[in-house]
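Novice: I have a structure I would like to understand better, so I am pasting it below and will then ask my questions one at a time.
The values are calculated or read from the model by the stated rules, or taken from the named source; none is laboratory data. Since the model is a prediction, treat every value here as computed from it, not as a measurement. Neighbour counts run over all protein chains shown; Cβ positions are idealised from the backbone, glycine included.
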Amino acid sequence: GEWQLVDRRNGLQHNTVEAVTVVGDLEALWVSSGMGISVLTQDSVLFYDDLTTPLETNAINVMVSDGDGTVWLGAQGKVYAINGETWTIYSPSYVLASQFPTGAITALAFGTDNTLWIGSDRGELCRLDLEVITCDPFFRADELEIAGAITALTVDNLGRLYVATARDGVRLYDDSSRNNRTAANSPPPWRSFALPIDIEGNQIFALTQDRAGYLWLLTDAGLQQWDPTQDMGRSSVLHFTDDNSRYPISTIDTLVADPQKGIWVAGENGGYFDGIDWTTFATTDGLVDRNVRAVAVDTEQRTWFGTDEGLSIWNGDSFFNLTRADGLPSNQMRAFLVDGDIVC
């Protein structure tokens, strides 16, 4: 396909991009700038801000979309759900039957049975039942034993919730434990991954899960992998560092799970771990630049590397490179959004 530049000249209200989400099969592209939200469709461009919509702020911290086309926004003290012209605002004054997270909403993740997990910069967390409009369970920061913000939420393929924090490691919430908590010897619903027991390093930079179900965590102490189905003592955690890997682990700032197996990383050159060993993709292999800022895998199993000097696409055998001379809007590629075989 051809590259298309989307900026203020052809639709966006602002050229600054802070968050992006896609509705359906590219039915709409939502772009948040911090100064409002542009919604691009094939037929029109809409602009939402705090003057023209129910939004009370233009500072959107997190943005996700669900299967029925609803877009969810996390902002100061509120979660906005937009479906067509219908706006629903979830806040303490709307969710009256239970508590609701206060402060800035910094993380959202869809759970099972029509639920939404919500995390805030005050370390508060709840699971919002979208049918009965209650937050149950609700956890305060002291109950989670954290002192800072919740930075990311991830639900694994077993339905368990992982809570990444700014300073206090990762918490695992096993809902089956909560449902069976009255049974004798039932385990507690929460499990902590923090120094010195499981995960080394409490600054959490990235969290993802690969096709095999392994969870990957990038911290200030390196890259770590563990199996969430096992008893996760430190002996069961694989810990990758510059010293024991054929890739400069300390340079990684992006993790992307391969749809088939393994994990891709972006840092100093591109990297791939197949479950046994590392492969490094460098300029000597055809990579357009060694400073890799973003990585993505499309449905054709092509790997896209965004660098400071252009785009490199790995087809499994060789690289195909694109720069501004080939039509890219900029050589500096900082993020990708994948929708099937379309990457933007």
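Novice: If you check 275, 306, which single one turns out to be out of contact with any Cys (no Cβ under 7 Å at 6 or more places or on another chain), modelled with pLDDT of 85 or more and not in a strand (DSSP E or B)?
Specialist: After ruling out the rest, the residue left standing is 275.
Novice: Restricting the search to region 295-327, which residues are under 17 Å from residue 273 (Cα atoms) and without any contact (Cβ under 8 Å) to a residue 24 or more places away in the chain?
Specialist: Answer for region 295-327, where residues must be under 17 Å from residue 273 (Cα atoms) and without any contact (Cβ under 8 Å) to a residue 24 or more places away in the chain: 302, 315, 316, 317.
Novice: Something else about it: Quick one: in region 245-271, which of the residues that are without any contact (Cβ under 8 Å) to a residue 24 or more places away in the chain and surrounded by fewer than 20 Cβ atoms within 10 Å (Cβ to Cβ) is nearest to residue 208 (Cα to Cα)?
Specialist: Among those that are without any contact (Cβ under 8 Å) to a residue 24 or more places away in the chain and surrounded by fewer than 20 Cβ atoms within 10 Å (Cβ to Cβ), it is 251.
Novice: Right, here's the next one. Quickly run through region 92-114 and pick out the residues that are buried (at least 19 other Cβ atoms within 10 Å of the Cβ) and among the β-branched types (Val, Ile, Thr).
Specialist: Within region 92-114, 95, 105, 106 meet the criteria.
Novice: Next up: Among the candidates 103, 36, 69, single out the residue that is among the small types (Gly, Ala, Ser) and either closer than 14 Å to residue 120 by Cβ or at pLDDT 90 or above (or both).
Specialist: Result of the check over 103, 36, 69: 103.
Novice: Filtering region 124-142 down to residues that are in a strand (DSSP E or B) and among the charged types (D, E, K, R), which residue is modelled with the lowest pLDDT?
Specialist: Per the stated criteria, the residue is 136.
Novice: Answer yes or no: is there a residue in region 263-272 that is farther than 19 Å from residue 306 by Cβ and at pLDDT 90 or above.
Specialist: No: region 263-272 contains no residue that is farther than 19 Å from residue 306 by Cβ and at pLDDT 90 or above.
Novice: Here's another thing I want to ask about it. Given (1) buried (at least 16 other Cβ atoms within 10 Å of the Cβ); (2) of a type in the set (Val, Ile, Thr); (3) under 23 Å from the mean Cα position of the chain (by Cα), where does residue 134 come up short, assuming only one miss?
Specialist: (3)
Novice: Here's a check for you: in region 287-302, which residue that is in a strand (DSSP E or B) and at pLDDT 90 or above is nearest to residue 262 (Cα to Cα)? It would help to see each step written out before you state the result.
Specialist: Quick first cut of region 287-302, residues in a strand (DSSP E or B) only: 291-297.
Still in the running and at pLDDT 90 or above: 291-292.
On the way: 291: 22, 292: 18 Å.
Result: 292.
Novice: Next question, about the same structure. Restricting region 71-106 to residues that are hydroxyl-bearing (Ser, Thr, Tyr) and assigned to a strand (DSSP E or B), which is farthest from residue 133 (Cα to Cα)? Quick ask: steps written out before the conclusion?
Specialist: Going through region 71-106, the residues hydroxyl-bearing (Ser, Thr, Tyr) turn out to be 80, 86, 88, 90-91, 93-94, 98, 102, 106.
Restricting the remaining residues to those that are assigned to a strand (DSSP E or B) gives 80, 86, 88, 90, 106.
Numbers: 80: 14, 86: 17, 88: 11, 90: 9, 106: 20 Å.
Among those that are hydroxyl-bearing (Ser, Thr, Tyr) and assigned to a strand (DSSP E or B), it is 106.
Novice: In this structure, does residue 242 turn out to be farther than 25 Å from residue 213 by Cα, assigned to a loop (DSSP other than H, G, I, E, B), of a type in the set (D, E, K, R) and over 20 Å from the mean Cα position of the chain (by Cα)? Full working, then the answer.
Specialist: Working: farther than 25 Å from residue 213 by Cα: no; assigned to a loop (DSSP other than H, G, I, E, B): yes; of a type in the set (D, E, K, R): yes; over 20 Å from the mean Cα position of the chain (by Cα): yes.
In short, no.
Novice: Where the second residue is in a loop (DSSP other than H, G, I, E, B) and β-branched (Val, Ile, Thr) and the first is farther than 13 Å from residue 152 by Cβ and lies in region 97-108, which pairs have Cβ atoms under 9 Å and are six or more apart or on separate chains?
Specialist: 97/132; 97/133; 98/133
Novice: So is residue 68 surrounded by fewer than 15 Cβ atoms within 10 Å (Cβ to Cβ), under 21 Å from the mean Cα position of the chain (by Cα) and closer than 25 Å to residue 30 by Cβ or not?
Specialist: yes
Novice: Also: For the subset of region 272-292 comprising residues that are crowded, with 17+ Cβ neighbours inside 10 Å and aliphatic (A, V, I, L, M), which member is farthest from residue 239 (Cα to Cα)?
Specialist: 288
Novice: Can I ask one more? Can you find even one residue in region 48-60 that is part of a loop (DSSP other than H, G, I, E, B), crowded, with 20+ Cβ neighbours inside 10 Å and at pLDDT 85 or above?
Specialist: Our first condition is that a residue be part of a loop (DSSP other than H, G, I, E, B); within region 48-60, this holds for 49-60.
So of that shortlist, the ones also crowded, with 20+ Cβ neighbours inside 10 Å come out as 55, 60.
After this cut, where a residue has to be at pLDDT 85 or above as well, the list is 55, 60.
Looking through region 48-60, at least one residue is part of a loop (DSSP other than H, G, I, E, B), crowded, with 20+ Cβ neighbours inside 10 Å and at pLDDT 85 or above.
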